[in-house]
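Just so you know, all these numbers are worked out from the coordinates, no wet-lab data involved. Just so it is clear, the model here is predicted, and its values are computed rather than measured. With ideal geometry, Cβ positions are generated from the backbone for all residues, glycine too; neighbour counts draw on all protein chains shown.
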Amino acid sequence: MPVHACVAHQIYQNSPISMKNEINSHVVLSGLCLTSIPSTVLKNRTRIEKLTLDNNVLTENSFNMPKFANLKELSVRNNKIRNLGVLLANIQKNCPNIEVLRVKNNPGIPEKFTEKEKMLISKVLKKLRVLNGLETHRQKRYSGCSTDSKTSSGSE
């Protein structure tokens, strides 16, 4: 559920203080009409493991940014992302350890990815396990050693 803009603003205003002693912080900046990632977030990027930027006006070019080496989860639902290829190239370059990506409800993102699209995205984002709340091809293929034919549901 998106964070109300006032609450997100308070988190944004307090983030440098709250992030000082935390190595793996979760930063939520939803509903603030952001067109770029704030400098406070960029300065603290080595401490951020989860970044939620839902309900803003970010584009695929907003993610041409310094490297977020520890970022594992990124949520950019309900923004203005029109070019999935550019977004993926920026994330590949700047978020090499991304495992979870949420990109629903953007103009250039399909409602549902085909299996072929999920496989292609998994090739670009080498560590991606979950895309829009569903397991990627990589997770289904590599998780567990069992020869059992059961599959997990992976929805969020």
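Tabulated results
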quantity	calculated
Cross-link table Lys50/Lys127; Lys93/Lys116; Lys72/Lys116, entries beyond 18 Å C-alpha to C-alpha	Lys93/Lys116; Lys72/Lys116
Neighbour-count order for Ser39, Ser30, fewest beta carbons within 10 angstrom listed first	Ser39, Ser30
Residue-count net charge about Ser30 - beta-carbon cut-off 13 Å; Lys, Arg +1, Asp, Glu -1	+2
Net charge of Cβ neighbours under 9 Å - reference Pro107; Lys, Arg +1; Asp, Glu -1	+2
Distance (nanometres) between label positions extended 7 Å along Cα→Cβ at Ala69 and Asn83	2.9
